[in-house]
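Visitor: Below is the structure I would like to discuss, written out as structure tokens.
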Amino acid sequence: MTAKVVTVASGKGGVGKTTSVANIAVALASRGQKVTCIDGDIGLRNLDVILGLENRIVYDLVDVIEGRCRLRQAMIRDKRLPDLYLIPAAQTRDKTAISPSDMVRLCDELRQEVDWIIIDSPAGIERGFKNAIAAADRVLVMTNPEVSAVRDADRVIGILDAEEKGPAALVINRLDPAMVKRGDMLSVEDVLDLLAVELIGIVPEDENVIVASNRGQPLALEGKTKAGQAFQNIARRLMGEQVPFLELETQNLFQRLLGRK
Amino acid sequence: MGFLFRRKKSANSAKERLQLVLIHDRTDLTPAELESLKDDLIQTISRHIDIDPMAVTINVAHDGRSQRLVADIPLRTVGHRRGREPGRAAG
Ligand SMILES: Nc1ncnc2c1ncn2[C@@H]1O[C@H](COP(=O)(O)OP(=O)(O)OP(=O)(O)O)[C@@H](O)[C@H]1O
Ligand SMILES: [Mg+2]
């Protein structure tokens with residue numbers, strides 16, 4: 001086995017990185033893939049609660065890197081899926097506790113064991129982000145259809161190009177088709193025009209995301225919600241499948257219906 | 001609140017504003033620096049040929065993620081004035 005390492009980054013905070021990592025990992029694991037996700041947000045651990053694994057933490061990422069435990073011991077197995085693991089972030093340390101080369105070494109060891117390593121980057125473009133992208137084969141840049149998030153995504157895409165980690169693939173999260181329709185939200189086309197990168201996912205605004213995070217049960221476990229389906233589609237695209245874009249389709253359908261009136 | 005702010009769809013404002021912001025973010029060139037570059041360019045070119053400084057346009061054009069500085073400098077028709085008058089066109 002040689003895992004693909006996928007990092008989710010954004011520049012701006014709060015755009016949905018952790019939500020996406022949890023759901024993409026769950027979606028891949030539900031398709032029979034062996035997946036480990038790594039919480040790279042040292043000091044602001046969150047992936048554990050989103051996945052509902054917070055009570056099972058013994059060792060964390062920094063413990064592995066500083067040699068206090070073996071890699072295997074820090075991998076928490078998710079009982080709902082046969083092959084999903086989490087390496088949690090350390091909560092009482094900061095981003096300087098590890099370096100980009102530590103991440104490369106850790107991922108090299110892990111690559112033999114799984115199909116996918118999904119890394120949750122902290123917001124920003126400093127050390128934590130540099131750590132998170134160091135081992136990446138592919139970086140997904142998340143944005144919301146909103147000026148500051150798009151601007152920051154552009155910075156991150158530029159840095160990835162400069163560091164030869166590109167080309168980035170874009171995920172647009174929290175799209176509200178009704179707002180786009182009345183001209184009060186940037187559309188998918190607008191964002192793609194501005195950022196000029198490949199698109200890998202469109203996730204609609206969906207209150208089920210919050211319900212799922214309350215329960216610690218990622219949406220993609222069931223896949224009946226719109227957002228859950230969107231994350232399943234991202235996982236399929238990562239696996240190389242051609243999957244039509246959910247939201248674009250419904251928008252077109254909507255327009256067709258209006259047109260016929 | 002409305003009629004003043006409703007004239008243009010807010011998504012269009014967002015896109016137009018972002019287009020400008022991203023050009024400057026990507027090139028590390030502020031609008032003020034672009035203006036002073038334009039002045040320098042006009043001065044330099046005016047030392048060699050007669051141009052109308054008001055007609056010069058200098059913009060950043062983009063193709064995908066790469067950007068180019070595009071200058072459009074109309075030349076005055078030779079005829080009514082021959083020869084160069086150094087320093088004249090700097091305004
Ligand atoms: N598609 C969505 N629909 C509705 N709410 C969402 C959606 N995606 C994310 N959220 C909400 O947005 C908030 C931020 O999400 P999340 O923690 O995943 O962002 P983040 O990018 O990891 O943040 P940080 O930069 O702080 O790490 C959460 O409350 C989450 O529930
Ligand atoms: Mg996060």
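The values are calculated or read from the model by the stated rules, or taken from the named source; none is laboratory data. Everything numeric in this text was worked out from a predicted model, so none of it was measured. Note: ideal-geometry Cβ built from the backbone for every residue, glycine included; neighbour counts use all protein chains shown. Note: areas computed on protein heavy atoms with side chains; ligands, DNA, RNA excluded. Shrake-Rupley method; radii C 1.70, N 1.55, O 1.52, S 1.80 Å.
Visitor: State the Cα centre-to-centre distance between region B:56-76 and region A:210-231 in whole Å.
Guide: After rounding, the separation between the Cα centres reads 47 Å.
Visitor: May I pose another question? With a 1.4 Å probe, what is the total accessible area buried between chains A and B, in Å² rounded to the nearest 100?
Guide: Chains A and B together bury roughly 1500 Å² of accessible area.
Visitor: Binning every alpha carbon pair distance of the protein assembly as shown at 10 Å from zero, what are the percents per bin?
Guide: Taking every Cα pair in the protein assembly as shown, the percentages come to 5, 22, 27, 19, 12, 8, 5, 2, 0.
Visitor: Can you list the trypsin sites (Lys or Arg not before Pro) in region B:3-64 that are in a DSSP coil and have 14 or fewer other beta carbons within 10 angstrom?
Guide: Taking region B:3-64 and a limit of 14 other Cβ atoms within 10 Å, the loop trypsin sites (Lys or Arg not before Pro) found are B:Arg7, B:Lys8, B:Lys9, B:Arg47.
Visitor: Taking R0 as 30 Å, what FRET efficiency do you get between A:Gln73 and A:Leu44 from their Cβ-Cβ distance, rounded to the nearest 0.05?
Guide: Calculated value: 0.85.
Visitor: How large is the accessible surface of A:Met1 in square angstrom, using a 1.4 angstrom probe and rounding to the nearest 10?
Guide: Solvent-accessible area, nearest 10 Å²: 120 Å².
Visitor: I've got another one for you. Starting from the 7 Å offset along Cα-to-Cβ, what nm value, one decimal, do you get for the label separation of B:His48 and B:Asn12?
Guide: Modelled inter-label distance: 4.2 nm.
Visitor: Mind ranking A:Ser20, A:Ser213, B:Ser66 by accessible surface for me, highest first, 1.4 Å probe?
Guide: Final ranking, largest accessible area leading: B:Ser66, A:Ser213, A:Ser20.
Visitor: Sticking with this structure for a sec: Starting from the Kirkwood radius over alpha-carbon pairs of region A:139-240, derive D by Stokes-Einstein at 4 °C in a medium of 1.567 mPa s and give it in µm² s⁻¹.
Guide: Answer, rounded: 90 µm²/s.
Visitor: Leaving out ligands, DNA and RNA but keeping every protein chain, what accessible area does A:Ile42 have, in Å² rounded to the nearest 10, with a 1.4 Å probe?
Guide: Result for A:Ile42: roughly 10 Å² accessible.
Visitor: For B:Thr44, tell me the accessible area in Å² from a 1.4 Å probe, rounded to the nearest 10.
Guide: Surface open to solvent at B:Thr44 totals about 60 Å².
Visitor: Calculated from DSSP H runs of 4 or more alone, at -39500 (n - 2.57) each and per residue, what is the 222 nm mean residue ellipticity of chain A, nearest 500?
Guide: -12500 deg cm²/dmol
Visitor: Given the pairs B:Lys9/B:Lys38; A:Lys17/A:Lys95; A:Lys79/A:Lys130, which span a C-alpha to C-alpha distance of over 24 angstrom in this model?
Guide: B:Lys9/B:Lys38; A:Lys79/A:Lys130
Visitor: Round to a whole angstrom and tell me the spacing of the C-alpha centers of region A:11-43 and region A:130-177.
Guide: 15 Å
Visitor: Separate question: Are there trypsin sites (Lys or Arg not before Pro) in region A:138-212 that DSSP puts in a loop and that have at most 15 other Cβ atoms within 10 Å, and which ones?
Guide: Taking region A:138-212 and a limit of 15 other Cβ atoms within 10 Å, the loop trypsin sites (Lys or Arg not before Pro) found are A:Arg182.
Visitor: So how far, in whole Å, is the C-alpha centre of region A:66-98 from the one of region A:112-128?
Guide: The two parts, judged by their Cα centres, are 12 Å apart.
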